Amino acid sequence: MSIYRNDPLAITIANVGAFSAKVRALKPGDQVGIRGPYGNRFELKGKNVLLVGGGYGLVPLSFLAAEAAQAGVKATVVIGARNKKDVLLEKDFEQLGCRAFVCTDDGSMGARARSPEVAEGLLSKEKFSAVYGCGPELMEGALVRVSRKHRVPCFVSVERHMKCAFGVCGECVCGDRLACAHGPVFSSEELEGNPDFGKTFLDWGGKRRRYTDPKQP
């Protein structure tokens with residue numbers, strides 16, 4: 001679930017569970033309650049930025065790309081997905097004036113590569129003022145390492161299970177940070193040395209688990 005645009009407010013919701021199924025069943029004119037916003041947000045830095053997304057993480061990056069276009073900031077985007085049918089918002093980014101590079105795990109659309117790999121290729125050829133990432137945490141961890149290698153500031157939106165959203169339940173803990181209260185956007189400097197980032201997380205029941213799927217986009 002992500003904010004797609006803010007004026008008017010538009011939210012994208014993937015149909016993956018009980019709540020999203022009920023939202024999908026709503027009809028025009030039905031009412032929903034919204035609280036927030038909480039936490040921080042991406043802040044544009046410089047005039048040439050690289051946006052790197054995987055899966056549903058492309059939605060908030062589309063919002064950021066729209067802000068970049070409005071501010072006169074050049075934006076390049078890497079669109080990562082598992083396969084062709086999962087590629088999101090390519091036309092949206094192009095309409096915003098972004099250069100868009102598509103990559104898929106199986107090569108069914110664009111390059112057969114992971115988004116951090118494509119990002120590294122771009123960083124090795126061009127000077128960017130900052131890198132912004134949103135997607136699976138393993139992808140974000142790789143992106144932080146790539147950005148650090150090329151000495152470019154990097155900011156990622158860390159997605160963890162959030163129940164309260166204002167720092168009480170501790171479900172979204174990441175090291176000594178809470179994604180809801182201190183994030184969800186963190187700089188690579190803030191995440192350096194974090195014992196949980198890209199390694200472990202709390203599931204919905206509060207049990208600590210390890211990230212074990214190397215196939216994430």
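Values computed for the structure shown
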quantity	calculated
Yes/no for Lys84 being surrounded by 11 or more Cβ atoms within 10 Å (Cβ to Cβ), more than 30 Å from Phe166 (Cβ to Cβ) and of a type outside the set (Ser, Thr, Tyr)	yes
Selected residue [closer than 22 Å to Arg41 by Cα and surrounded by fewer than 21 Cβ atoms within 10 Å (Cβ to Cβ)] from Cys169, Cys98, Cys174	Cys169
Subset of the stretch 183-217 that is of a type in the set (Phe, Trp, Tyr) and assigned to a loop (DSSP other than H, G, I, E, B) - its residue that is modelled with the lowest pLDDT	Trp204
Pairs, first at pLDDT below 90 in the stretch 26-53, second open to solvent by 80 Å² or more (accessible area, probe 1.4 Å), C-beta under 6 Å, six or more apart	Tyr38/Phe166
The stretch 118-144, subset over 16 Å from the mean Cα position of the chain (by Cα) and within 22 Å of Glu192 (Cβ to Cβ), residue surrounded by the most Cβ atoms within 10 Å (Cβ to Cβ)	Phe128
Scope the stretch 116-136; condition free of Cβ contacts under 8 Å to residues at least 40 places away in the same chain and in a strand (DSSP E or B); matching residues	none
Pair list, Cβ < 8 Å and 6+ apart or interchain, from the stretch 91-115 residues that are on the phi > 0 side of the Ramachandran plot to residues that are open to solvent by 60 Å² or more (accessible area, probe 1.4 Å)	Gly110/Phe101
Where Gly17 falls short, out of the listed (1) free of Cβ contacts under 8 Å to residues at least 12 places away in the same chain; (2) open to solvent by 50 Å² or more (accessible area, probe 1.4 Å)	(2)
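The values are calculated or read from the model by the stated rules, or taken from the named source; none is laboratory data. Just so it is clear, the model here is predicted, and its values are computed rather than measured. Every residue, glycine among them, receives a Cβ derived from its backbone with ideal geometry; neighbour counts consider all protein chains shown. These area figures cover heavy atoms from the full protein model, side chains too; ligands, DNA and RNA do not enter into them. Shrake-Rupley method; radii C 1.70, N 1.55, O 1.52, S 1.80 Å.
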